[in-house]
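The values are calculated or read from the model by the stated rules, or taken from the named source; none is laboratory data. Given the structure is predicted, the values throughout are model-derived calculations rather than measurements. As a convention, Cβ positions derive from the backbone with ideal geometry for all residues, glycine included, and neighbour counts pool all protein chains shown.
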Amino acid sequence: MTFNNSVGIIAANRLPIGKINGFYKNISPESLYQNLIEQQFKKNSFLKKSEIDYVILGNVTNQGGNLARRCALKAGFSTEVPAFTIDHQCGSGLTALITAANYIQSGGASIICTGGVENTSQSNITIDAKSQLPIKRFKMAPEPYEDLDMGIIADITALKYNISRESQDLYALNSHQKANQAIKNKSLMSEVLPYLGENSSIIRDQTVRPHSSLEALAKLSPAFTENCRTTAGNSCPINDGASSLILANLDKPFDFQGYYLGQATIALAPTDFLLAPIKSTEKLLEKFNLRVAEIEAIELNEAFASQALLFQNHFRLDDRKLNSYGGALAFGHPYGATGGILISRLLNRINKLEKPCLGIATLCIAGGMGISILLGNRWFRE
């Protein structure tokens, strides 16, 4: 099996993920990125900031003033390094990665820092021009399309596909249990770098609940639609975090941690967005003439348990292949950073297998889109 025009991944890391108004509430998104990227450069001392051609970051809630540019300057990159921010909602980080890879594949760059950062605790308040009131949620679809809250769509989808409340709660509990076990086993050490503060460090994700139970989850009221099945317990929380990926063309003499091999991006009706990871993964497999059996690991962003169950059941996946260390229902979903978090986790998992193998990272995107990324591990090119 050969892949033309792949791109090397020098580093893929993330900070511990915080909850909204949690341990990052007084830390700017620029400082989150600076803290992470500086640690990556220290770990990869052969890499110099003067060699970076672009900084491309995903972000959703801290927009205004080109956050990626501010992050690049805060992190000490030259003023001559271009930087720009991508808002593709939940797909922002993966789209930043795809954009960076496209620059390198086309010969327009050699080394790019990408990933994403999100500090929902410091999100900008936007005032509606007509009502002069704060906007709670931006529109995801214009008329005549239905512009429904994502949670309401999750309820409609669960009813349509007969996904029970009990199965959603069980999936959510399993995500927390897998995450807690991964933390206990120190399985996340290669992907997570601590936030290094002046007086103390942050080393552990904030929303993993080791003592969660089905009984506790069952007591939660529906969060979006009365008498429906989606709750705060089987939906991803709102989070702060940062991820950083450093990509390079294969002519560079680096010890690559993995390889970007390709992507598939799809669109469908806005109210069907929870089906998007299924469609984008099917498109990706078809594009590269692959079968699910040839994929060693899949990282799916768990926006809702109903969405994750649809994906798992469609491809008939077990816990060994799908989110074996838990997912966003436990760790959280810091929108712009999530794509890089998925890539960091996926490389962490497939690099534990000392043989060439493939992995997929995938997510759904508000407004009716999905992205799937194909990666090879560090042994894939041997």
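In table form, for the structure just shown:
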quantity	calculated
All positions within the range 2-29 that are under 29 Å from Gln105 (Cβ atoms) and either of a type in the set (A, V, I, L, M, F, W, C) or assigned to a helix (DSSP H, G or I) (or both)	Phe3, Val7, Ile9, Ile10, Ala11, Ala12, Leu15, Pro29
Residue within the range 92-109 that is at pLDDT 95 or above, over 27 Å from Gly262 (Cα atoms) and not hydrophobic (A, V, I, L, M, F, W, C) present	no
Matching strands (runs of 3 or more DSSP E) fully within the range 217-302 where at least 2 residues are among the hydroxyl-bearing types (Ser, Thr, Tyr) and at pLDDT 95 or above	239-248, 258-267
Residues (among the small types (Gly, Ala, Ser), free of Cβ contacts under 8 Å to residues at least 60 places away in the same chain and assigned to a strand (DSSP E or B)) located in the range 83-124	Ala83
Among (1) charged (D, E, K, R); (2) in a loop (DSSP other than H, G, I, E, B); (3) touching a Lys or Arg at 6+ places or on another chain (Cβ under 7 Å) - the single one Glu80 does not satisfy	(3)
Any chance Thr338 is in a helix (DSSP H, G or I), among the hydroxyl-bearing types (Ser, Thr, Tyr) and closer than 30 Å to Asn4 by Cβ	yes
Unmet requirement for Gln132, which otherwise passes all of (1) within 30 Å of Asp149 (Cβ to Cβ); (2) not in a loop (DSSP other than H, G, I, E, B); (3) not aromatic (Phe, Trp, Tyr)	(2)
Scan of the range 215-230 for residues that are surrounded by 13 or more Cβ atoms within 10 Å (Cβ to Cβ), free of Cβ contacts under 8 Å to residues at least 60 places away in the same chain and in contact with a helix residue (DSSP H, G or I) (Cβ under 8 Å, 6 or more places away or on another chain), ordered by number	Leu217
Hits in the range 92-126 - residues which are loosely packed, with under 10 Cβ neighbours inside 10 Å and in contact with a strand residue (DSSP E or B) (Cβ under 7 Å, 6 or more places away or on another chain)	Ile125
Identity of the residue in the range 37-60, touching a residue at least 12 places away in the same chain (Cβ under 8 Å) and among the hydroxyl-bearing types (Ser, Thr, Tyr), that ends up surrounded by the fewest Cβ atoms within 10 Å (Cβ to Cβ)	Ser50
Index of the failed condition, Pro144 passing every other in (1) surrounded by fewer than 16 Cβ atoms within 10 Å (Cβ to Cβ); (2) more than 13 Å from Tyr325 (Cα to Cα); (3) modelled with pLDDT of 95 or more; (4) not charged (D, E, K, R)	(3)
Of all residues in the range 62-82 being at pLDDT 95 or above and either aromatic (Phe, Trp, Tyr) or under 11 Å from Glu118 (Cβ atoms) (or both), the one that is surrounded by the most Cβ atoms within 10 Å (Cβ to Cβ)	Leu67
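Conditions tested, residue by residue: (1) buried (at least 18 other Cβ atoms within 10 Å of the Cβ); (2) in contact with a helix residue (DSSP H, G or I) (Cβ under 6 Å, 6 or more places away or on another chain).
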{"site": "Tyr259", "(1), (2)": "yes, no"}
{"site": "Ala297", "(1), (2)": "yes, yes"}
{"site": "Arg320", "(1), (2)": "no, no"}
{"site": "Gly339", "(1), (2)": "yes, yes"}
{"site": "Arg349", "(1), (2)": "yes, no"}
